[in-house]
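Asks: Here it is: the structure, laid out below.
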Amino acid sequence: MKIVLFGHGKMGQLIEKIALEAGDEVVLVVDEHNRKNLTSADLQQADVAIEFTTPESAPANIRLCADAGVPVVVGTTGWYAHFEEISAYVEKKGSALLPATNFSLGVNLFFAMTEKLGALMQPHTQYRARIEETHHVHKKDAPSGTAITAAERLLSGWKHATNWSLNGENPNALPVLAHRIDEVPGTHEVIFNNAIDEIRLTHTAFNREGFASGALFAAQWLVGKKGVFSMRDVLGV
C-alpha cells in the first residue's frame, strides 16, 4: 500500500513507523513546509491518504484528496461542523472519505458495546449514567472526540437524555466528565450506578499504537472504494 501522510506529529510519525514495518510505502509526507506546493499529481502517487493535522487544515486537505481521486482516512477531530459539506464534496468528486474520532479497533468495539449497554439499561430507570474520559495534559479538546462518540452511541439506545454536557453543566443531559492527567494515552468509561451497585464499561489505551495500527487497517480497507464511510463499516458493528 502506498500512502500519503498529512501531518508528521506524534501520530504521523508512529503511523509511518508501523507502515514501513508492515512493508507499506510512505510516498509523501505533507506538512506546513510543502503544503502550499502540493499538486494532484503528488497525491496520485499513493493508493490512500491518512490525515492527522488540525481542525483548521483538515477540510482543505480532504478536498485536495477528493480533487485528486485519492481516498482519505481522517483522524483529525474538531472539524465536524463542516462534515455534511465536505462529505457532499467527496461524493461529487467520486472519491472516498473515512473519518473517525478514534481508529483503535478496541475503542470501536467499545463503541459497539456502549450502544448495546445503553439499550439494555433503557428500562432500568433507577440507574444514573455518565461518561468519564482521562487524557494527557497536552490534549487540547475536552471532551475528546472519542468521548463524544461514546456519548452519541450510548444515547442512541438510552433515551433518558437527548444530549450530553461537559462536566454535568446541564443537569438534564448525559454528563461527560473530562480529566487531564500527566502523560496517559487515554481511558474512557461508561458508568451506570445507583445506591445499590455500579456497572462500568472501560477502555484503556496503554500506548498510541492502537490508534496508528487502526488507521492503517482502515486505510487498507478504504483503498478502491468510493463514498463516505465510518469504522462501523470497516468492522461491521
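Asks: Taking amide H positions as placed in the peptide plane 1.01 Å from N, state which residues far from Ala96 in sequence (5 or more) or on other chains have amide H under 5 Å from it.
Replies: Here the answer is Val72, Gly227, since their amide H atoms fall under 5 Å of that of Ala96.
Asks: Counting Lys +1, Arg +1, Asp -1, Glu -1, what net charge surrounds Glu189 among other residues with beta carbon under 12 Å of its beta carbon?
Replies: -1
Asks: Hey, got the dipole for the chain? About the Cα centre, +1 on K and R Cβ, -1 on D and E Cβ, debye to the nearest 20?
Replies: 380
Asks: Compute the acute angle (0 to 90°) between the alpha-carbon long axis of helix 145-157 and the principal axis of greatest extent of the alpha-carbon atoms of the chain; round to the nearest 10°.
Replies: It is inclined by approximately 50 degrees.
Asks: Of the GluC sites (Glu not before Pro) in region 28-73, which ones lie in a loop per DSSP and count no more than 15 other C-beta atoms within 10 Å?
Replies: Loop-located and lightly packed - Glu32, Glu56.
Asks: Angle, helix 209-222 long axis vs. longest principal axis of the chain, Cα atoms, 0 to 90°, nearest 10?
Replies: Once rounded, one gets 60 degrees.
Asks: In the chain, what is the count of Lys pairs whose alpha carbons are under 23 Å apart, counting only pairs at least 8 residues apart or on separate chains?
Replies: 16
Asks: In addition: Just add up the charged neighbours of Ser165: K/R +1, D/E -1, any other residue whose Cβ is under 15 Å from the Cβ of Ser165.
Replies: Value of the local net charge: -2.
Asks: Right, something else. For helix 105-121, what angle does its Cα long axis make with the longest principal axis of the chain, in degrees from 0 to 90 and rounded to 10?
Replies: Here the helix axis deviates by roughly 30 degrees.
Asks: Please report the equivalent ellipsoid semi-axes of region 105-205, computed as sqrt(5 x eigenvalue) of the Cα gyration tensor, largest first, in whole Å.
Replies: 22, 15, 12
Here, each number is a calculation from the coordinates, and none is a lab measurement. All figures in this text were calculated on a predicted structure; none of them were measured in a lab. So basically every Cβ, Gly included, is an ideal-geometry build from the backbone, and we count neighbours across all protein chains shown.
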